[in-house]
Each structure stands twice: as structure tokens, then as C-alpha cells.
């Protein structure tokens with residue numbers, strides 16, 4: 001049973017070889033993860049045969065939406081995943097344009113899980129090929145109470161060239177460090193130097 005998710009990282013795809021996993025720029029943290037929900041969708045077709053009964057049925061993965069909520073989304077991260085522009089000069093800040101081109105990225109994080117016998121295990125989750133889109137935001141006044149508002153992004157996950165993978169999950173691991181190492185092997189974090 002999952003009861004925690006953390007350390008969400010994102011990295012731009014630099015190459016998509018035909019028979020290998022994509023390669024990525026050094027990954028950065030997306031923000032403090034609050035929630036992530038994926039929702040795969042499928043295409044399907046059916047055909048009736050003799051006796052007007054179902055004779056053929058096919059169902060294939062199409063894409064998945066990956067809704068991500070983080071506590072804060074920095075301008076640098078928003079610029080990288082959404083293709084927005086960081087402005088300088090007297091109009092410092094972030095601007096969004098109808099011409100913004102979000103890049104394809106990899107997206108990974110890990111969960112904390114309570115297993116039988118009260119054992120705590122960790123599992124890394126990775127989406128090898130996604131593209132982000134901005135989600136609407138509500139701005140509230142303080143009024144009689146304070147309402148905290150998170151930042152939301154929606155990623156569309158599609159298959160990568162290598163074995164048509166759209167999502168990967170590690171086995172259950174004993175430590176957070178092992179979960180981080182599993183992600184690091186696929187999409188290393190950018191060096192901090």
C-alpha cells in the first residue's frame with residue numbers, strides 16, 4: 001500500500017534511438033511532490049463473426065495523462081517543461097506564448113509502501129516519454145480563512161521506441177537510496193557544480 005511519494009525529477013529527452021531507451025539531459029527536481037495520478041487510455045476494436053457473437057477484439061495502449069501537483073513550480077522549471085520564456089530587464093518574470101513548444105521529457109519519482117508484516121519498501125516509477133501542458137490556476141483572496149494553492153501540470157505520456165514502454169516500475173526496494181539509484185541509472189540528475 002502506497003502512502004508517500006517524493007523526489008519527482010524531470011529531464012529533457014536529447015535522443016530517441018530506434019532500439020534503445022531515450023537519453024536525457026541532466027534531470028532536475030520538478031518541485032516538492034504533493035500528488036501524482038496517471039490515467040492510461042486505450043483504443044479498441046471489436047468484430048462479430050458467426051452467430052453474431054464477438055469473434056475478434058483488440059485493445060491497445062494509446063496514451064496516458066499524468067497529473068502532477070507540486071507545492072511550488074519555479075520559473076526555471078516551468079520554462080524548461082512548458083517552453084515558456086524567462087524575461088529579463090524591467091519585466092522580469094515568466095511569460096507564456098501561444099508559440100511555446102514544450103519538449104519531450106522523462107519523469108520519475110518514488111513511493112513509500114507499507115507491505116505485509118509492517119515492512120516499509122520503496123518503489124521507483126518512471127515515465128520515459130512525456131510532454132507537459134499547463135493547467136489552470138485559481139487565485140483566492142485571504143478573506144476569512146487561508147487557502148493554500150498548489151501548482152499543477154498535466155503530462156501526456158506516450159510510448160518510447162524501446163519496446164513501446166510508457167511506464168516503468170522498479171521492484172520493491174529496501175531503501176530510499178536504492179529507489180533513487182534505480183532512477184539515477186535511467187535518468188541521472190544534473191550535476192550541482
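The values are calculated or read from the model by the stated rules, or taken from the named source; none is laboratory data. As the structure is a computational prediction, the values presented were derived from the model and not from experiment. Cβ: placed from backbone, ideal geometry, glycine included. Neighbour counts: every protein chain shown.
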Filter result for the condition that a residue is surrounded by fewer than 18 Cβ atoms within 10 Å (Cβ to Cβ) and either touching a strand residue (DSSP E or B) at 6+ places or on another chain (Cβ under 6 Å) or more than 17 Å from residue 61 (Cα to Cα) (or both), over 162, 131, 137: 137
Report, ordered by the first and then the second residue, all pairs with beta carbons closer than 8 Å, sequence separation of six or more or different chains, a first member in region 88-99 that is more than 15 Å from residue 74 (Cα to Cα), and a second member that is in a loop (DSSP other than H, G, I, E, B). 97/84
Would you mention how many residues in region 146-188 are modelled with pLDDT under 95, under 22 Å from residue 17 (Cβ atoms) and in a strand (DSSP E or B)? 0
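Condition check ((1) touching a helix residue (DSSP H, G or I) at 6+ places or on another chain (Cβ under 7 Å); (2) over 16 Å from residue 159 (Cβ atoms); (3) surrounded by 10 or more Cβ atoms within 10 Å (Cβ to Cβ)) across all residues:
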site	(1), (2), (3)
19	yes, no, no
40	no, no, yes
66	no, no, yes
77	no, yes, yes
83	no, yes, yes
97	no, yes, no
103	no, yes, yes
113	no, yes, yes
119	no, yes, yes
Which of (1) closer than 30 Å to residue 95 by Cβ; (2) more than 11 Å from the chain's Cα centre (by Cα) is the odd one out, the single condition residue 49 does not satisfy? (1)
Tell me which strands (runs of 3 or more DSSP E) are completely within region 76-129 and hold 2 or more residues being on the phi < 0 side of the Ramachandran plot and under 17 Å from the mean Cα position of the chain (by Cα), or say none if there are none. 104-114
Checked against (1) surrounded by fewer than 17 Cβ atoms within 10 Å (Cβ to Cβ); (2) within 30 Å of residue 19 (Cα to Cα), residue 109 satisfies every condition except (1)
Does residue 142 count as in a strand (DSSP E or B) and without any contact (Cβ under 8 Å) to a residue 60 or more places away in the chain? no
